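A short worksheet on the structure shown next.
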Amino acid sequence: MRTPLISIIIPTLNEEKGLKKALENLTSGLHDTNYELIISDGGSNDKTVSIAKKYADKIFVHKEKRRQTIGEGRNEGAKIARGKYIAFVDADVTIPDQDKFFKKTVEEFDSRPGLVALTANIRVLPDRESWADWLVYLWLNSFHKIMNNLFHQGRAAGEFQMHVRKEFLKIGGFSETFAAGEDYELFIRCSRNGYTLLAPLTVYHTGRRARKTGWPRLLIKWFLNSLSASFSHKSVSKEWEVIR
């Protein structure tokens with residue numbers, strides 16, 4: 001069995017509602033990409049793991065009674081990854097033109113010595129996107145582009161991140177104590193170890209958290225957790241609500 005170039009890691013927790021569609025979408029477009037698919041499950045009590053078995057090359061299942069943090073889940077997936085690169089993709093994310101997408105990410109790494117991690121623009125799926133979604137992500141993507149590409153200060157959301165595996169392991173991966181903001185905190189550390197990039201690519205997600213929580217409340221949570229991650233190295237939220 002050849003060593004995969006990219007290890008795609010998807011953290012899950014009770015994702016049976018949309019996981020089959022998400023995995024079908026991802027794998028159906030990966031014909032020329034040398035990859036392995038890893039599901040890191042936080043201890044689901046629905047059909048998530050049985051669905052994952054039909055698509056994943058490897059599955060890790062959290063067995064402890066306590067709730068696993070998202071950082072722990074992603075790190076467990078990274079521990080069993082073999083690829084030169086590891087791509088963390090949320091369970092409700094859709095990647096268009098998958099082969100072309102990952103070919104572009106590898107080209108970015110190959111052409112930029114010192115690049116340790118990259119992210120992509122984020123949008124809500126076109127058939128679900130509201131004007132508020134469009135406005136928020138226009139601002140967020142612009143902010144991430146300025147911080148990563150201009151100021152070389154790493155910032156990235158968790159929907160999609162891709163890392164050089166050896167560099168990811170060198171800095172210890174995601175913080176496992178954060179309930180939220182672990183995505184920003186990791187990219188900050190990455191930018192101190194090399195440099196980070198927002199690539200000219202886009203991933204789409206369901207926008208389910210904003211639908212349930214509402215943008216004003218969610219933006220406040222995002223702001224406080226990202227601010228705390230940047231300056232206090234901890235999260236404000238004690239637990240991140242599961243929304244499915």
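Would you mind finding the one in ASP32, ASP41, ASP110 that is at pLDDT 95 or above and crowded, with 16+ Cβ neighbours inside 10 Å? So the residue among ASP32, ASP41, ASP110 that is at pLDDT 95 or above and crowded, with 16+ Cβ neighbours inside 10 Å is ASP41. Restricting attention to segment 3-22 and to residues that are surrounded by 20 or more Cβ atoms within 10 Å (Cβ to Cβ) and either without any contact (Cβ under 8 Å) to a residue 40 or more places away in the chain or polar (S, T, N, Q) (or both), the residue that is nearest to LYS166 (Cα to Cα) turns out to be SER7.
Filter segment 89-124 down to the residues that are basic (Lys, Arg) and touching a helix residue (DSSP H, G or I) at 6+ places or on another chain (Cβ under 8 Å) and list them by number. ARG123 - this is the single residue of segment 89-124 that is basic (Lys, Arg) and touching a helix residue (DSSP H, G or I) at 6+ places or on another chain (Cβ under 8 Å).
Determine whether GLU24 is in a helix (DSSP H, G or I), of a type in the set (D, E, K, R) and under 20 Å from GLU182 (Cα atoms).
No; evaluated as a whole, the condition is false for this residue.
What number of residues within segment 150-182 satisfy the criterion of being of a type in the set (D, E, K, R) and over 21 Å from PHE101 (Cα atoms)?
5
Just to be sure I understand the filter: pairs with C-beta atoms under 7 Å, separated by 6 or more residues or on different chains, first member in segment 209-226 and among the small types (Gly, Ala, Ser), second member surrounded by 15 or more Cβ atoms within 10 Å (Cβ to Cβ). Which pairs pass? Going by the 7 Å Cβ cut-off, the qualifying pairs are ALA210/ASP133; ALA210/LEU218; SER226/GLY181; SER226/TYR184. MET147 meets all of the listed conditions (1) under 24 Å from GLN98 (Cβ atoms); (2) surrounded by 19 or more Cβ atoms within 10 Å (Cβ to Cβ) but one, namely (1).
VAL203 meets each of the listed conditions (1) outside any strand (DSSP E or B); (2) under 26 Å from GLY42 (Cα atoms) apart from (1).
Across segment 47-67, the qualifying residues are those that are in a loop (DSSP other than H, G, I, E, B) and modelled with pLDDT of 95 or more, and the one among them that is farthest from GLU24 (Cα to Cα) is HIS62.
Matching residues to (1) of a type in the set (Asp, Glu); (2) out of contact with any Asp or Glu (no Cβ under 6 Å at 6 or more places or on another chain):
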position	(1), (2)
ASP99	yes, no
GLU107	yes, yes
THR119	no, yes
LEU135	no, yes
LEU140	no, yes
ASN148	no, yes
GLN153	no, yes
GLY172	no, yes
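Identify, please: which residue in segment 187-210 is farther than 15 Å from HIS163 by Cα and small (Gly, Ala, Ser) and is, among those, farthest from the chain's Cα centre (by Cα)? My answer is ALA210.
Consider ASN25 carefully, then state whether it is polar (S, T, N, Q), in contact (Cβ under 8 Å) with a residue 24 or more places away in the chain and farther than 26 Å from ILE171 by Cβ. Yes; evaluated as a whole, the condition is true for this residue.
For segment 113-136, a tally of residues being crowded, with 20+ Cβ neighbours inside 10 Å and hydroxyl-bearing (Ser, Thr, Tyr) returns 1. Return only the number of the condition from (1) under 27 Å from PHE223 (Cα atoms); (2) touching a strand residue (DSSP E or B) at 6+ places or on another chain (Cβ under 9 Å) that PHE151 does not satisfy. Answer for PHE151: the failing condition is (2).
The values are calculated or read from the model by the stated rules, or taken from the named source; none is laboratory data. Here the structure is a predicted model, which means the values were calculated and not measured. In this analysis, Cβ positions are derived from the backbone assuming ideal geometry, glycine residues included, and neighbour counts consider all displayed protein chains.
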